[in-house]
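Values in this text are rule-based calculations from the coordinates and carry no lab data. Everything quoted here is computed from the prediction, not taken from an experiment. As a convention, Cβ positions derive from the backbone with ideal geometry for all residues, glycine included, and neighbour counts pool all protein chains shown.
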Amino acid sequence: MRPPSRSARGPSRAREPVLTTPTGEPLVVWGDWSARYDFGEWHPLTPRRFGPGVDLLRLTGATRFLEPQPASEGDLERLHERSYVDAVKAFSIDPDRPSAVGIGPGDCPAFRGMHDASAAVAGGSIAAMDRILSGDAEHAFHPGGGLHHAMAGRASGFCIYNDVALGVARARDAGHRVLYVDLDVHHGDGTQALFWNDPKVLTLSIHESGRSLFPGTGLLSETGGPDAPGTAVNVPLEPYSGDASWLEAVETLVPTLAEAFGPTMLVTQHGCDSHALDPLAHLRVTTAAYWRADRLLDEIAHRRSDGRWLATGGGGYDVYRVVPRAWSLIWLAQAHREAPDEVPVEWRTRWADEAEA
């Protein structure tokens, strides 16, 4: 198993945090640009998830939506190498060029317009964080975000630009101490690598063991760089672990680390590919466990960071039975509402034919 990259940029000089106390309904970052992040008809990460997913968010009660602008090249180069951004732009014009920087047949196939679509996803997490930093939003949810495998100079695992890391960096650069919690079934290797030597960011990843699943990292021994020892925490779970093991990790470590680290900003990645129905992994977690975790994270945000919390969607490949419900639970936790026992009949009726197909 390869160790995390240590080529990522170290911590920058940061000013004192702006400690606002924002209020209001959770902000949902979504727009038609989300559907343009599309690796092709047969790729597991399909934009089809946005139809049923966003529809259920609206039926659940979400009314406050933000369609942001794409991230600028300057924004992207805060964490990504300029040569990498240039390569992505080149693939966007000529998708048939020889494979390079992790882009090519397989997980990250090139497609026309890839740079603009990927920059739009990155812009979503940046804009959401800006709204939180300004006090315009207390909680924000970016369902299309959470592309946590992208490295400084390489695409990986369906991820071109690491939007969630760019959101973390935005908060860090504003002077915040950031607790990043990654619940995706795959180790959050890109985000960990980008903040490997940064004492202002603590990354926690709870994932299926790299011995059985991509990306093959996330060992207990991966604990941070020489200038930031102890700021990377990894919990690799054995295949077929279910709610009990997963929740024990979440409910033990998140409060403990939050108390020890003292974050002023919470950023989370909620990949629902740890679910028992997900086709790409081997854990057996349920939405009941997700709901407990989401409520705990809301509690931590209010107890430790004055409510400041950016959540991102991450992975999840059962786009009808799991993804919409998981996304709605994140919003419900942020909105401080109870979760209904069943999804609305209207939603089931609307998406039944497509789900069967």
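Just want to confirm a number: the relative contact order over segment 36-356, from Cα pairs under 8 angstrom separated by 6+ residues, in percent.
So the answer I get is 19 percent.
Please sort 55-66, 303-314, 277-288 by packing, taking for each peptide the average over its residues of neighbouring beta carbons within 10 angstrom, highest first.
303-314, 277-288, 55-66
Take the chain, mark every one of the GluC sites (Glu not before Pro) that falls in a DSSP loop and has at most 12 other Cβ within 10 Å, then report the longest stretch left between them, sites excluded.
42-337
GNM, the chain, Cα, under 10 Å: largest mean-square fluctuation among Met129, Met265, Met114?
Met114
Find how many whole Å separate the alpha carbon centroid of segment 200-242 from the alpha carbon centroid of segment 307-328.
21 Å
State whether segment 213-357 is rounded, prolate or oblate according to the following rule on the C-alpha gyration tensor (a ≥ b ≥ c being the square roots of its eigenvalues): a/c under 1.5 gives rounded; otherwise a/b larger than b/c gives prolate, and the remaining case gives oblate.
Since a/c reaches 1.5 but b/c is at least a/b, the shape of segment 213-357 is classed as oblate.
Can you compute the helix-only [θ] at 222 nm over the chain? Use -39500 (n - 2.57) per DSSP H run of at least 4 residues, normalise by all residues, nearest 500 deg cm²/dmol.
Helices in the chain give a 222 nm mean residue ellipticity of -11000 deg cm²/dmol.
Just to be sure I understand, if you calculate Rg/Rh (Cα atoms, Kirkwood Rh) for this structure, which of (i) 0.93; (ii) 1.02; (iii) 0.98 do you get?
Checked against the structure: label (i).
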